[in-house]
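Notes for the one structure printed next.
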Amino acid sequence: MITTAPLVEEPRPIYRVSAGETRLFHILSDRVTGVNTHWFGRSYLCIGAPDCPACFAGVEQRWTGYLPVADHRGNRGLLEISASGGELWERRLSQGKLFDSVAKIERPSRFACVRVAELRPAAKPVGTPIEPEEAYRWLMRILGMPARRPNEQFPEWVGRVRVAAQAALQRCVGDRNLASE
Ligand SMILES: [Zn+2]
């Protein structure tokens, strides 16, 4: 008898480009997926005022954008884009030339955002972009949020994610208050 172990999906990697570094990525989408997070030793999903316990407690919120890319080995993941680079990337992507290109991504200094230095057509185009819902699924997996159930509607799943994020942040804020007593 052949038994198959249940498929547990590994979280996708997040690709960060450090100051002075350049890296090649195959760009797999023409949309940046952005989320707000709070930092409590790791990033936690912010669900926004008035429901977010961390926003309510005045904890700083950070926007980060993520663009689906593949590295030189073809491993798919998310390129991290800081808040200062969000508009630049939206503008570049809206021109419609980045998807399915291989881009040399650079970050000239610590204060600069990641940007495209050079562009060339991909040797093996994928043709179909990664949809924002798929990128969101990767991101929620990375942030430790509940997985989407088979046949679950997107809004229903987002509702469950919000409930889980709220509970997680409630614990973080509670722990922080205990620590400061
Ligand atoms: Zn928040």
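Tabulated data
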{"quantity": "Summed side-chain charge close to R120 - residues other than R120 whose Cβ falls under 12 Å, Lys, Arg +1, Asp, Glu -1", "calculated": "0"}
{"quantity": "Which of K124, K97 has the fewest Cβ neighbours within 10 Å, and the rest in rising order", "calculated": "K124, K97"}
{"quantity": "Relative contact order for the chain, counting Cα pairs under 8 Å that sit 6 or more residues apart, in percent", "calculated": "27 percent"}
{"quantity": "The chain shape via C-alpha gyration tensor axes, a/c threshold 1.5", "calculated": "oblate"}
{"quantity": "Residue among F154, F99, F40 with the largest mean-square fluctuation in a Gaussian network model of the chain, springs linking Cα atoms under 10 Å", "calculated": "F154"}
{"quantity": "Surrounding net charge for K104, when Lys and Arg each add one and Asp and Glu each subtract one, Cβ distance under 15 Å", "calculated": "+2"}
{"quantity": "Cysteines having no other Cys beta carbon under 4.7 Å from their own, within the chain", "calculated": "C46, C113, C172"}
{"quantity": "Sequence of W138, W39 once ranked by neighbouring C-beta atoms within 10 Å, starting from the fewest", "calculated": "W39, W138"}
{"quantity": "Highest-fluctuation residue, E134, E156, E106 considered, GNM on the chain with Cα pairs under 10 Å", "calculated": "E156"}
{"quantity": "Degrees, to the nearest 10: 132-142 long Cα axis against longest axis of the chain", "calculated": "60 degrees"}
{"quantity": "Restricting region 34-93 to GluC sites (Glu not before Pro) in coil, as DSSP defines it, with at most 16 other Cβ within 10 Å", "calculated": "E60"}
{"quantity": "Net charge, W39 excluded, C-beta distance under 12 Å - Lys, Arg +1, Asp, Glu -1", "calculated": "+2"}
{"quantity": "Residue among D30, D71, D51 with the largest mean-square fluctuation in a Gaussian network model of the chain, springs linking Cα atoms under 10 Å", "calculated": "D51"}
{"quantity": "Calculated FRET value between S180 and R62, using beta carbons and R₀ = 22 Å, to 0.05", "calculated": "0.55"}
{"quantity": "Tensor-based shape of region 109-181 (alpha-carbon gyration tensor, a/c under 1.5 rounded, otherwise prolate or oblate)", "calculated": "oblate"}
{"quantity": "Footprinting exposure proxy for L93, L78 (fewest neighbouring C-beta atoms within 10 Å first)", "calculated": "L93, L78"}
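Values quoted throughout were computed directly from the atomic coordinates according to the rules given, and no laboratory measurement underlies them. Quantities reported herein were computed from a predicted structural model and do not represent experimental measurements. Counting neighbours? That spans all protein chains shown, and the Cβs are built from the backbone with ideal geometry, glycine included.
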